[in-house]
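Worksheet: one structure, shown below.
The values are calculated or read from the model by the stated rules, or taken from the named source; none is laboratory data. Here the structure is a predicted model, which is why all the values come from computation and not from measurement. Cβ sites come from the backbone with ideal geometry, for glycine too, and all protein chains shown count toward neighbours. Just so you know, the surface numbers come from the protein's heavy atoms only, side chains and all, with ligands and any DNA or RNA stripped out. Shrake-Rupley method; radii C 1.70, N 1.55, O 1.52, S 1.80 Å.
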Amino acid sequence: MEPEAVLKAMADRTRQRALTALGRHELGVSELVEVLNQPQSTVSRHLKILRDAGLIHDRRDGNTVLYSVCAPQADGAASDLAGRLLAWIAQQPLAGSIESRLETAIRKRRNMSHRFFDRIGRQWDALREESFGSTFHLEAFIALLPQTWTVADIGTGTGYLLPTLAQHFQRVIGVEPVDKMLEATRHRIKYHGIGNVEVCSGDLGQLPIAGGSINLAIAALVLHHVPSPRGALAELHRIVCDAGNILIVEQTAHQSDSFRERMQDRWWGYDPDEFSRLLESIGFEQVRWRRLVTVERADDAPDLFVTTACKQG
Ligand SMILES: C[S@@+](CC[C@H](N)C(=O)[O-])C[C@H]1O[C@@H](n2cnc3c(N)ncnc32)[C@H](O)[C@@H]1O
């Protein structure tokens, strides 16, 4: 940066105004044309002088080049001079007409994004799903939980939850008694190249997990398959640490023969209040349940509910 170039660049009223405007907002050439009310060729010439003097820089955003004021650098007398002059210019008021044209340009830019969403309206749901899938928000909410937790997914099935859990938690254990399911789970873990998941063969009757070693035990759609729900819940109580948590997703009690037959369920689902009392009788506290309202169910499938509870700390 040359002091002469800095002084020459600053010694012009239009360039001073451009710097004041650019100090407030990153702007494109066409926006500066509107704000300064000057022809494009004039604005481009001024921008070149300012850029050559090292006072502004540009970046490409799609088809637009956006300009902004350079941050002050502590690397010599010329930079120091430039920094001081830019600080002075930033504080200069803009003439009323320039100020209002600057506000209009920024408002227009904001309106562009509003216009886009105004145009697509409800199509956004399809566009979001097409762009990012339908479950990213669930993964995002997991970020609220401590990363240091060890989490076990019991009756993990094909292990579909494990990659999401492994993204966030330090250690994850998937337990499953059926060989074919274990095979699918191991394949999934290998496919995703995940290192912090242990997959083991095991049954809720007697889990291959040390007592008090789990911060969160999950059992999704498993409890209606086990011979003894009480014994299974007692086993979950054993493996979670003091103040540890359980999260159980279950089917509400139903009478659909076709569904039970198709799923080979042992139990007809659970009444959520009775299920909560069962958990309390085993020693869980803060037992809460809630119906899952966004589930897209088959016609004969029962409602689902989630129950969370905590082991006394
Ligand atoms: C309906 S699937 C649910 C799988 C997975 N949790 C999910 O949400 O996709 C039930 C799973 O529980 C497993 N399971 C059945 N009885 C079990 C038991 N006694 N202990 C542990 N898992 C069991 C089954 O092998 C099956 O993989």
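Note on the stretch 116-155: among residues that are among the aliphatic types (A, V, I, L, M) and in contact (Cβ under 8 Å) with a residue 60 or more places away in the chain, the one that is farthest from the ligand (Cβ to nearest atom) is LEU145.
Every condition in (1) open to solvent by 30 Å² or more (accessible area, probe 1.4 Å); (2) in contact with a helix residue (DSSP H, G or I) (Cβ under 7 Å, 6 or more places away or on another chain); (3) farther than 18 Å from ASP12 by Cβ is met by LEU81 except one, and the failing one is (3). Among the candidates ALA105, ALA152, the residue that is in the same structural domain as GLU176 (by TED's automatic domain parsing) and surrounded by 15 or more Cβ atoms within 10 Å (Cβ to Cβ) is uniquely ALA152. Scanning the stretch 281-291 for residues that are surrounded by 13 or more Cβ atoms within 10 Å (Cβ to Cβ), more than 16 Å from ASP242 (Cβ to Cβ) and not β-branched (Val, Ile, Thr) gives a single hit, TRP289.
Restricting the search to the stretch 184-223, which residues are in a loop (DSSP other than H, G, I, E, B) and either away from the ligand (no atom under 16 Å from the Cβ) or of a type in the set (S, T, N, Q) (or both)? Within the stretch 184-223, GLY193, ILE194, GLY195, ASN196, ALA210, GLY211, GLY212, SER213 qualify.
Looking at the stretch 17-31, can you tell me whether even one residue there is polar (S, T, N, Q) and more than 21 Å from ARG109 (Cβ to Cβ)?
Checking the stretch 17-31: not a single residue is polar (S, T, N, Q) and more than 21 Å from ARG109 (Cβ to Cβ).
Out of all the residues in the stretch 230-240, which are crowded, with 21+ Cβ neighbours inside 10 Å and of a type outside the set (D, E, K, R)? Residues satisfying the conditions are ALA232, LEU233, LEU236, ILE239, VAL240.
Comparison of ALA219, ALA243, ALA253 shows that the only residue that is under 20 Å from THR307 (Cβ atoms), open to solvent by less than 30 Å² (accessible area, probe 1.4 Å) and not acidic (Asp, Glu) is ALA219.
Considering only the stretch 174-181, I want to know if a residue exists there that is within 12 Å of the ligand (Cβ to nearest atom), in a helix (DSSP H, G or I) and either open to solvent by 90 Å² or more (accessible area, probe 1.4 Å) or polar (S, T, N, Q) (or both).
yes
State whether one or more residues within the stretch 123-134 are open to solvent by less than 100 Å² (accessible area, probe 1.4 Å), in contact with a Lys or Arg (Cβ under 9 Å, 6 or more places away or on another chain) and at pLDDT below 90. Yes: the stretch 123-134 contains one or more residues that are open to solvent by less than 100 Å² (accessible area, probe 1.4 Å), in contact with a Lys or Arg (Cβ under 9 Å, 6 or more places away or on another chain) and at pLDDT below 90.
Residues that are part of a strand (DSSP E or B), more than 13 Å from the ligand (Cβ to nearest atom), touching a residue at least 60 places away in the same chain (Cβ under 8 Å) and touching a Phe, Trp or Tyr at 6+ places or on another chain (Cβ under 7 Å) are absent from the stretch 270-292 altogether.
Given the conditions (1) closer than 18 Å to LEU32 by Cα; (2) over 29 Å from the mean Cα position of the chain (by Cα), and given that ALA87 satisfies all but one, which numbered condition is not satisfied? Unmet for ALA87, out of (1) closer than 18 Å to LEU32 by Cα; (2) over 29 Å from the mean Cα position of the chain (by Cα): (1).
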